[in-house]
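To start, the structure under review is shown below, and the notes come after it.
The values are calculated or read from the model by the stated rules, or taken from the named source; none is laboratory data. Since the structure is predicted, the reported quantities are computational estimates derived from the model, not experimental observations. Note that each Cβ is placed from the backbone with ideal geometry, even for glycine, and that neighbours are counted across all protein chains shown. SASA here: full protein model, heavy atoms, side chains in, ligands and nucleic acids out. Shrake-Rupley method; radii C 1.70, N 1.55, O 1.52, S 1.80 Å.
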Protein chains: 2
Amino acid sequence: MLWLRSCKLVLLQIDMGSTIQNPACQHCKDRFSSIFCKAEQCNLEQIDQAKVCSVYKKGQVIFHEGAYPFGVYCINDGKIKLSHSGDDGREQIIRLVKAGDIMGYKALLSNERYTATATALEDSSICFVPKDLFMSILQKDASLSFEMMRILSSELRKAELKITHLAQKPVRERLAETLLFIKETYGLEADGHTLSVRLSREEIANLVGTATESAIRLLSEFKKDGMIELEGKKIRLLDLQQIVKTANLQD
Amino acid sequence: MLWLRSCKLVLLQIDMGSTIQNPACQHCKDRFSSIFCKAEQCNLEQIDQAKVCSVYKKGQVIFHEGAYPFGVYCINDGKIKLSHSGDDGREQIIRLVKAGDIMGYKALLSNERYTATATALEDSSICFVPKDLFMSILQKDASLSFEMMRILSSELRKAELKITHLAQKPVRERLAETLLFIKETYGLEADGHTLSVRLSREEIANLVGTATESAIRLLSEFKKDGMIELEGKKIRLLDLQQIVKTANLQD
DNA sequence: CCTGTGGAATGATATGTATCAAGTCAGCGT
DNA sequence: ACGCTGACTTGATACATATCATTCCACAGG
């Protein structure tokens, strides 16, 4: 049942993609990351054969900051956080990774060591594609290269926006923004309100870029204002409009 | 004499590059951005013919946030700042661009509008390469694609590091870091101490991500501590070691 | 049952930084 | 020379946020 969900996701992403679809992906005979659907069929098959899938438990580290990369990882199912460990040991969460995403490509492409640590936020099923194969296919497959560049550009855009907000917006606005971001990334549960990830307050703080206590305090305020509801690690977004307003977005 | 300097720079960057050199670049019959030296010869010639060079005066805008991109820009000579204009109008400088760099590729590759404004920090000579040509060469030239991915990955790495520092480091450390960054990017004048860009205090503040007054105050402190010397917009780095220490770097 | 443990919450306090306000200075046009 | 303008500087103050300390609570293990 794990990969049934994954299939649906992959197909969804294909439908929404702007570039040419790859028919092989629609078979979806195995769990697979959507990025490779941009690749040509023969290459897709090669990847399909070479990839190694495995399951990581919640809290488990997939790769570690400072280590050398030997390939890229594709998420079939699950949720991962990518984080820097700051100079003083405090963690800064850089990115949230979801099913259909890939990770670890940055270090590979710039030929450096990992600059972030990937940790499973819940039990996750992840494929590993070896470096040599990935690079050699990238060499000959322009569609895949384009897709990679598109992803990189888009990540860079987001990162730069985050820099601006971090420098200019107060914590309150950034927290509201982060709640919306989590919702965009991982979506809501069936009730249409509850965020479908369980993050600790500390993790939320490390995502926002603030102290844990500040995050807690502001979440309580949001609750008092009727914007959200809190129940342990469950966060329910009650008044989306109000949250958007608090986030003070305009891009 | 303008392009003599540029040639030197290009050659330098070729020598340092890890991928295959392109002999065409060594002729350097015209000013040219070093990135394209990774391209295959025939493509290089095509670009060389299609590109349009022009000179921008200090303060002039090369492209504007929100506009649609029609190609990429390569800097032959000069200095450019790329900046977001935050929601409240305050500017956040995202990147400093120097001779040999390219800019405007992010918007092109992700097929979106510019998210930043490019402004000349001094009179600059810049080439424009049309979108269609650039994209079509990217399609068939894997070396160029790889180089683009390498650049994107590296920018992303820097951006993520900046996010972490912005979230975790005090202004004092970030300012010291910024001074070192400016030195790395644009280098020093012949005396071996003076930064070779003239930035206003406001621009420095927008690079650090702080208020102008804070930047001014801290610069004065640095001066009092004998780390730097100030003379109008000239900034001389006297005690590099001390600045590094103040920046508190460890990556 | 007690007890230990880790996360969450709250309060008190300290402090870094932004903001507001004024003042200085150099350059520039008239 | 005059006043004007814009950038820089400095000071006083307010405020947001970090930090430290404490309490609360749920939960697991003995």
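Per-structure values
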{"quantity": "Heavy-atom accessible surface of chain B: percent carbon and sulfur, 1.4 Å", "calculated": "52 percent"}
{"quantity": "Shielded by partner chains, region A:98-128 residues - at least 20 Å² of accessible area, 1.4 Å probe, vs chain alone", "calculated": "A:Lys106, A:Leu109, A:Ser110, A:Glu112, A:Thr115"}
{"quantity": "Amide H partners (placed H, <5 Å) of A:Asn76, local residues excluded", "calculated": "A:Gly100, A:Ser125, A:Ile126, A:Cys127"}
{"quantity": "Per residue, in Å², the accessible surface of chain B once ligands and nucleic acids are set aside, probe 1.4 Å", "calculated": "45 Å²"}
{"quantity": "Stretch gain in nm, segment A:Asp191-A:Lys223, where the contour uses 0.36 nm per residue and the Cα spacing is subtracted", "calculated": "9.7 nm"}
{"quantity": "Paramagnetic label zone (point 7 Å from Cα along Cα-to-C-beta, A:Cys42; backbone N under 14 Å) in region A:122-155", "calculated": "A:137-142"}
{"quantity": "The protein assembly as shown: equivalent-ellipsoid semi-axes (sqrt of 5 x gyration tensor eigenvalues, Cα, Å)", "calculated": "37, 32, 20"}
{"quantity": "Environment charge at B:Ser154 (Cβ cut-off 9 Å; Lys +1, Arg +1, Asp -1, Glu -1)", "calculated": "+2"}
{"quantity": "Placed amide H near B:Glu91: partners under 5 Å, 5+ positions off or other chain", "calculated": "B:Gly86"}
{"quantity": "Chain A: angle of helix A:41-50 to the longest principal axis, Cα-based, in degrees nearest 10", "calculated": "80 degrees"}
{"quantity": "Along each principal axis, Cα extent of region A:169-247, largest first, Å", "calculated": "31, 23, 21"}
{"quantity": "Calculated FRET value between A:Ile216 and B:Ser200, using beta carbons and R₀ = 45 Å, to 0.05", "calculated": "0.70"}
{"quantity": "Protein heavy-atom accessible area occluded, B/A pair - total, 1.4 Å probe, Å²", "calculated": "4100 Å²"}
{"quantity": "Cut-off under 5 Å, modelled amide H: who pairs with A:Gly71 long-range", "calculated": "A:Lys131"}
{"quantity": "Inter-part distance where region A:188-230 and region B:56-131 are each reduced to a Cα centre, Å", "calculated": "37 Å"}
{"quantity": "Karplus (6.51, -1.76, 1.60) ³J(HN,Hα), θ = phi - 60°, over region B:239-249, in Hz, Gly and Pro reported as x", "calculated": "10, 4, 4, 5, 5, 4, 5, 5, 5, 6, 7"}
{"quantity": "Where a label projected 7 Å from the Cα of A:Leu230 along Cα→Cβ would reach, residues of region A:191-218 with amide N under 11 Å", "calculated": "A:201-202, A:213-218"}
